[in-house]
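Worksheet: one structure, shown below.
What follows is calculated from the coordinates using simple rules that are stated; it is not laboratory data. Predicted model, so just to flag it, every value in this text is computed and none were measured. Positions of Cβ are backbone-derived with ideal geometry, glycine not excepted, and every protein chain shown enters the neighbour counts.
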Amino acid sequence: MLSNSCRYGIRAVIYLASQPISGGKTGIKKISGDLDLPTPFLAKILQQLAKQKILSSSKGPHGGFSLLKDPRDITLLDIVNTIDGKDVFTNCIMHNGSCEGVVGEKKHCPLHKDYEKTRSELIRLFGESTIYDLVRKAKNKELITI
């Protein structure tokens, strides 16, 4: 459902949130190396997040990325909307685009009504899940590899 870009962005933001506060900026090579993600691809993703004021970015030998916002104020929905856009929650799961545009007809796909409930639940879940919560869960239960 989520693109690789979005999943990488979520992992990187969780990683940055788990760094010591006094650590300052974390370089892209360190982030990509620790997460085993391709550096140029990850750099583009993190720049998107910086443009949306989720991350702070600086260039140079002591540059890198850090959170611009408190992790309690960053939700998964913020990251998904920034990287994948809101279409991930509005597009038809069977066709490209919205259900109303399928083959020029104004009909919904056969799964539309059933998926509508799931879509609403995902929006709620992503909107209520903060980066802070995910870091805390990861450290306490080791549910995800950072």
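Using only the Cα atoms of the chain, each taken as one equal point scatterer with no solvent, compute I(q) by the Debye sum, divide by I(0), and report log10 of the ratio at q = 0.08, 0.16, 0.20 Å⁻¹. For the chain, the Cα-only Debye profile gives -0.27, -0.86, -1.18.
The charge dipole of the stretch 6-50, taken about its Cα centre with unit charges on the Cβ of Lys, Arg, Asp and Glu (plus for the first two, minus for the last two), comes to roughly 80 debye.
Full extension of the chain between Asp133 and Asp70 gives 21.5 nm of extra length, using 0.36 nm per residue less the Cα-Cα distance. Put simply, the amide H of Cys92, placed in the peptide plane, has neighbours under 5 Å in Gly97, Ser98, Cys99, leaving out anything fewer than 5 places away on its chain. In order along the stretch 51-62, phi translates into HN-Hα couplings of 4, 8, 6, 8, 10, 10, 9, 9, 9, x, x, 10 Hz, rounded to whole numbers, per the Karplus curve 6.51 cos²θ - 1.76 cosθ + 1.60 with θ = phi - 60° and x for Gly and Pro.
Of Ser66, Ser56, Ser120, the residue with the greatest mean-square motion in the GNM of the chain, using alpha carbon springs below 10 Å, is Ser120. Between amide H atoms placed 1.01 Å from N, distances below 5 Å from Ser129 occur with Leu76, Leu77, all of them 5 or more places distant or on a separate chain. Dipole size of the chain about its Cα centre, with +1 on Lys/Arg Cβ and -1 on Asp/Glu Cβ: approximately 400 debye, rounded to the nearest 20. Relative to the longest principal axis of the chain, what angle (0 to 90°, nearest 10) does the C-alpha long axis of helix 112-128 take? Taking Cα atoms only, the helix is inclined about 20 degrees. Sorting Ser3, Ser57 from the fewest to the most surrounding beta carbons within 10 angstrom yields Ser3, Ser57.
Couplings for the stretch 77-94, taken from phi via the Karplus curve 6.51 cos²θ - 1.76 cosθ + 1.60 with θ = phi - 60°, read 4, 4, 6, 4, 4, 5, 8, 9, x, 6, 4, 4, 9, 10, 5, 5, 7, 9 Hz in order; Gly and Pro are left as x. Near the amide H of Leu67, within less than 5 Å, lie the amide hydrogens of Ser56, all on another chain or at least 5 residues away, with H placed in the peptide plane. When the charge dipole of the chain is built from unit charges on Cβ atoms (+1 for Lys and Arg, -1 for Asp and Glu) and taken about the Cα centre, the candidate among Met1, Pro40, Leu77 whose Cα reaches farthest toward its positive end is Pro40.
Taking GluC sites (Glu not before Pro) that fall in a DSSP loop and have at most 13 other Cβ atoms within 10 Å as cut points, what is the longest piece of the chain between them?
Working: sites that count: Glu105, Glu142.
Result, exposed sites excluded: 1-104.
Dipole orientation for the chain: of the candidates Gln19, Ser98, Leu111, Gln19 has the Cα lying most toward the positive pole (charges on Cβ; Lys, Arg +1; Asp, Glu -1).
Between helix 4-17 and the chain there is an angle of about 40 degrees, using the helix long axis and the longest principal axis of the Cα atoms. Which residue, Gly27, Gly64, Gly97, has the most motion in a Gaussian network model of the chain that connects Cα atoms within less than 10 Å? The residue that fluctuates most here is Gly97.
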